[in-house]
Amino acid sequence: MSNPEEFMKEAYEETRLQKLTRKCKEEPFVPAGVALTCFALGAATYGVKKGRRSYANNMLRVRVAAQGFTIAAMIVGSFVYSQNTQASARNNDSSQTSSQK
């Protein structure tokens, strides 16, 4: 996967389930944040429907916090992923130059 053509070929050969699994492994906190956001939104909807105002308001606050957590997880995960990719590229470059000597 050293050149962009190989990467694009692998990306197009990947099914949706494989892509979802790969993304969950690369950034495991994002799916957890999305699930927490969905739960909080569902709980807030339930609270509104049952007339429990304070519960619904608390769940809406939890939803906002969960969304913030999800965005922070996306940013940190992207940073870590880019650092890992750069490190592996450097390792590949150094191993190729040492094998050419």
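Computed from the coordinates by the stated procedures, all read-outs in this text should not be read as laboratory data. Bear in mind that the values here come from a model prediction, so they are computed numbers and not experimental data. As a convention, Cβ positions derive from the backbone with ideal geometry for all residues, glycine included, and neighbour counts pool all protein chains shown.
Against the test of being over 30 Å from T85 (Cα atoms), assigned to a helix (DSSP H, G or I) and touching a Leu at 6+ places or on another chain (Cβ under 8 Å), the options A40, A56 yield a single qualifying residue, A40. Hey, among the residues in the stretch 63-84 that are farther than 11 Å from G33 by Cα and of a type in the set (S, T, Y), which one's farthest from the chain's Cα centre (by Cα)? Checking each candidate, the answer is S82.
The residues of the stretch 53-62 that are loosely packed, with under 15 Cβ neighbours inside 10 Å and over 23 Å from the mean Cα position of the chain (by Cα), listed by number, are R53, S54, N57.
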